[in-house]
């Protein structure tokens with residue numbers, strides 16, 4: 001072990017026995033629970049600066065803040081530890097064995113945080129563990145920083161396992177990335193705040209449109225494949241939304257307490273209605289109507305049917321043919337607009353913390369970990385922990401209760417359905433772990 005060359009005051013060093021608890025609200029009979037090593041600089045490091053050859057790769061869909069994370073990994077390695085040999089793997093996992101690399105220096109990445117997308121380019125799929133690790137070994141890489149979502153992190157876990165089986169001294173660090181905020185364990189994923197902020201523009205536009213006409217019905221479709229966090233938080237932030245539909249909450253159109261009845265009621269009261277719709281909501285209904293078969297993309301994710309136009313047409317048909325009532329439908333789909341922009345100020349700070357935590361962990365000799373805040377304290381989390389389940393909006397949780405109180409929309413679920421959902425969500429949180 002070498003004495004640290006990290007440019008930090010001694011008081012900022014984190015001790016190896018410092019842990020972060022996953023749960024901070026417990027009962028007196030609760031077990032000790034799950035704890036993770038606290039992230040941050042260590043007084044002793046494992047790697048000598050001049051022996052480090054690091055690489056950074058970005059995979060999967062875009063998200064505000066990717067470039068900030070890349071920049072801060074490069075600058076953190078160079079400024080804090082004096083590392084000069086850093087490679088950018090271009091085009092996702094395929095870049096490892098396609099020999100697509102770029103020499104990264106603080107000068108090269110200086111301004112990339114001002115732009116959306118990813119400076120290193122990205123792709124879905126293309127993961128071949130043996131080819132990737134062969135390339136890591138051939139190039140003499142001993143630190144691998146992998147930025148990506150749940151599929152990418154599962155790939156990172158396979159790389160870590162293969163590296164361990166070959167006995168290579170390589171640190172594998174993951175930085176979780178998902179616009180949907182569905183990464184388990186951590187408080188929040190980077191880029192989420194920026195996406196919610198950008199979504200306000202679409203919601204405001206829909207509200208202005210429907211407020212200016214008779215019987216205006218506005219639908220805004222936002223991202224959220226399996227988790228409706230963007231739609232939920234954007235709705236809470238807006239205060240102009242009448243109804244929010246998310247994947248976790250089944251809804252029905254007709255009958256007492258259905259969506260059609262609620263829309264009709266709001267049109268009579270206010271003359272307009274705004275609906276925020278997560279892209280993964282109502283997929284079973286759409287598939288049933290369209291007689292569609294389930295397909296998957298290159299990352300293994302289910303290809304979603306377009307619920308926005310489907311719901312718009314259903315509402316039009318109901319009010320024109322059944323209610324004999326003319327409505328003005330305004331449909332806005334800013335799906336990719338909210339993720340293709342630079343990160344805002346708070347996300348920039350957050351991305352910096354994530355990147356520096358990953359650098360400190362790798363330099364200290366930790367491997368097979370991902371980074372993120374757990375109860376507002378940054379921690380090193382085993383990659384397997386963030387890939388074993390997905391974070392979803394709990395219909396019995398306080399956040400969804402706040403939304404229902406804000407919009408006064410129907411809950412669309414019975415007490416038994418909500419209870420079963422809560423039980424299913426709780427089964428995954430029992431394993432105790434204190435490893436890095």
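Would you please name the residue that is surrounded by the most Cβ atoms within 10 Å (Cβ to Cβ), looking only at residues in the range 37-58 that are under 30 Å from residue 342 (Cα atoms) and modelled with pLDDT under 95?
39
For (1) assigned to a loop (DSSP other than H, G, I, E, B); (2) within 19 Å of the chain's Cα centre (by Cα); (3) modelled with pLDDT of 90 or more, each residue gets a yes or a no:
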site	(1), (2), (3)
385	no, yes, yes
404	no, no, yes
416	no, no, no
432	yes, no, no
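Any chance you could count how many residues in the range 329-359 are farther than 21 Å from residue 117 by Cβ and not in a helix (DSSP H, G or I)?
At the first step, the residues of the range 329-359 found to be farther than 21 Å from residue 117 by Cβ are 329-332, 353, 356-357, 359.
Cutting the leftovers down to not in a helix (DSSP H, G or I) gives us 329-332.
The number of residues fulfilling the criteria is 4.
Would you confirm, using the coordinates I've provided, whether residue 151 is part of a loop (DSSP other than H, G, I, E, B), touching a residue at least 40 places away in the same chain (Cβ under 8 Å) and within 30 Å of residue 192 (Cβ to Cβ)?
Details: part of a loop (DSSP other than H, G, I, E, B): no; touching a residue at least 40 places away in the same chain (Cβ under 8 Å): yes; within 30 Å of residue 192 (Cβ to Cβ): yes.
So residue 151 does not fit the description; no.
Just checking, which of 69, 20, 74, 34 is crowded, with 20+ Cβ neighbours inside 10 Å and over 20 Å from residue 188 (Cβ atoms)?
Details: 69 fails: over 20 Å from residue 188 (Cβ atoms); 20 fails: over 20 Å from residue 188 (Cβ atoms); 34 fails: over 20 Å from residue 188 (Cβ atoms).
None of the other options fit; the residue is 74.
Considering only the range 203-212, I want to know if a residue exists there that is in contact with a helix residue (DSSP H, G or I) (Cβ under 6 Å, 6 or more places away or on another chain) and under 30 Å from residue 349 (Cα atoms). Break it down into steps so the answer makes sense when it comes.
To start, the set of residues in the range 203-212 that are in contact with a helix residue (DSSP H, G or I) (Cβ under 6 Å, 6 or more places away or on another chain) comprises 203.
In the following step, the residues that additionally are under 30 Å from residue 349 (Cα atoms) were identified as 203.
Yes, the conditions are met somewhere in the range 203-212.
Kindly indicate whether residue 225 is in the same structural domain as residue 382 (by TED's automatic domain parsing) and either crowded, with 22+ Cβ neighbours inside 10 Å or within 22 Å of residue 387 (Cβ to Cβ) (or both). Walk me through how you get there before you give the answer.
Working: in the same structural domain as residue 382 (by TED's automatic domain parsing): no; either crowded, with 22+ Cβ neighbours inside 10 Å or within 22 Å of residue 387 (Cβ to Cβ) (or both): yes.
For residue 225, the condition - in the same structural domain as residue 382 (by TED's automatic domain parsing) and either crowded, with 22+ Cβ neighbours inside 10 Å or within 22 Å of residue 387 (Cβ to Cβ) (or both) - is not met.
Looking at the structure I just gave you, is residue 203 touching a strand residue (DSSP E or B) at 6+ places or on another chain (Cβ under 7 Å), over 15 Å from residue 92 (Cβ atoms) and not assigned by TED's automatic domain parsing to the domain that holds residue 277? Break it down stepwise before answering.
Details: touching a strand residue (DSSP E or B) at 6+ places or on another chain (Cβ under 7 Å): yes; over 15 Å from residue 92 (Cβ atoms): yes; not assigned by TED's automatic domain parsing to the domain that holds residue 277: no.
When the stated conditions are applied, residue 203 does not pass them.
Inside the range 324-359, can you point out the residues that are within 18 Å of residue 71 (Cβ to Cβ) and free of Cβ contacts under 8 Å to residues at least 60 places away in the same chain?
Across the range 324-359, the qualifying residues are 345, 349, 353.
Identify the residue in the range 1-23 that is assigned to a loop (DSSP other than H, G, I, E, B) and modelled with pLDDT of 75 or more and, among all such residues, is nearest to the chain's Cα centre (by Cα).
Among residues in the range 1-23 that are assigned to a loop (DSSP other than H, G, I, E, B) and modelled with pLDDT of 75 or more, the one nearest to the chain's Cα centre (by Cα) is 22.
Would you be able to say whether some residue in the range 160-182 is assigned to a loop (DSSP other than H, G, I, E, B), in the same structural domain as residue 333 (by TED's automatic domain parsing), out of contact with any strand residue (DSSP E or B) (no Cβ under 8 Å at 6 or more places or on another chain) and closer than 28 Å to residue 241 by Cβ?
Within the range 160-182, the first condition is being assigned to a loop (DSSP other than H, G, I, E, B), and the residues that meet it are 167-170, 177-182.
Cutting the leftovers down to in the same structural domain as residue 333 (by TED's automatic domain parsing) gives us none.
Checked the range 160-182: no residue is assigned to a loop (DSSP other than H, G, I, E, B), in the same structural domain as residue 333 (by TED's automatic domain parsing), out of contact with any strand residue (DSSP E or B) (no Cβ under 8 Å at 6 or more places or on another chain) and closer than 28 Å to residue 241 by Cβ.
If you check 326, 362, which single one turns out to be more than 16 Å from the chain's Cα centre (by Cα), part of a helix (DSSP H, G or I) and either over 18 Å from residue 222 (Cβ atoms) or at pLDDT 95 or above (or both)? I'd like the intermediate steps shown before the answer.
Values: 326 fails: part of a helix (DSSP H, G or I).
After ruling out the rest, the residue left standing is 362.
What strands (runs of 3 or more DSSP E) lie completely within the range 24-133 and have 3 or more residues being under 24 Å from residue 168 (Cβ atoms) and either assigned by TED's automatic domain parsing to the domain that holds residue 353 or in contact with a strand residue (DSSP E or B) (Cβ under 6 Å, 6 or more places away or on another chain) (or both)? So that I can check it myself, show each step before the final result.
Numbers: elements: 35-38, 54-58, 86-89, 101-103.
It comes to 54-58, 86-89, 101-103.
The values are calculated or read from the model by the stated rules, or taken from the named source; none is laboratory data. Fair warning: this is a prediction, and the values are worked out from it, not measured in the lab. Please note: Cβ atoms are built from the backbone with ideal geometry, for glycine as well, and neighbour counts cover all protein chains shown.
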